[in-house]
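Rule-based calculations on the coordinates, nothing more; no lab input. Computed from a predicted structure; not experimentally measured. Here the Cβ positions follow ideal geometry from the backbone for every residue, glycine too, while neighbour counts run over all protein chains shown.
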Amino acid sequence: MDPWLSAYDSSYDLAQEIAEKIHQRNRYLRNGENPVKINVTIRSLMKRLNENIGQLRDSLLRSVSSRQITQLEGDRRQTLVDELLTKERQLQMSFKFEGPEPDVIRSSLMSGGGASGPTPYNPWVLEEPEETRGLGYGELRQQQQRMIQEQDAGLDALSSIIARQKQMGYDIGNELDEQNDIIDDLTNLVENTDTKVRNQTRHVKLVDKKSGSCAMMVVIVLLLIAIVVVAVWPTK
């Protein structure tokens, strides 16, 4: 399985565990029990979840920038990260809330329910946070719209980063092409020079060989002349 998807599944399971811990904490509060110990555990898990989401986001950015995954897959994974970020915010808001159980209809609205009616128990939405208490449905929807706009702004920023990385990749590719052309020219120059050196070496050897043959012929001719002269030289 893809390491990124495995890390995402682990983070999702961790978020669900946090939701269950918060639900358990709230049950302690309703029963008058001391929630200090479980609060410490929840804070530790929340910190780990935040770090995991950061690592998922950084890893996704590197994968998209280096083209290890397609743009379509990158968009799909970014949606998963955004959903996980939304879950984290909901968990943080639920952790801060220490009152009675919220109204079912308002919880359904906060969890994405609507005209379809109340949804079954959702471990992500345990209680209505203080930030939304007393707000009407219209105000709740406006708050959701603001969250969506913030996510869109984050996506726009990510898109700009990816665009810059893509342009840098093009620039590096063009630079490499130019360097390869220079290397090819140098290779051709070296090959031509090597060919010329080989030809000149063969020429020198040929001239040297001819020079040696000519000297030998001169010596032989001189010896013949000397023999003839001695032979015809009159003796007394």
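For the peptides 83-92, 54-63, the ranking by mean Cβ contacts within 10 Å, running from highest to lowest, is 83-92, 54-63.
Could you tell me what fraction of 2.2 N^0.38 Å the Cα radius of gyration of the range 2-73 comes to, as a two-decimal ratio?
Details: Rg = 16.7 Å, N = 72, 2.2 N^0.38 = 11.2 Å.
For the range 2-73, the normalised Cα radius of gyration comes out at 1.49.
On the beta carbon distance between E17 and D177, with R0 = 41 Å, the FRET formula returns roughly 0.20.
Look at the Cα gyration tensor of the range 1-44: its axes a ≥ b ≥ c give a/c of at least 1.5 with a/b over b/c, and that counts as prolate.
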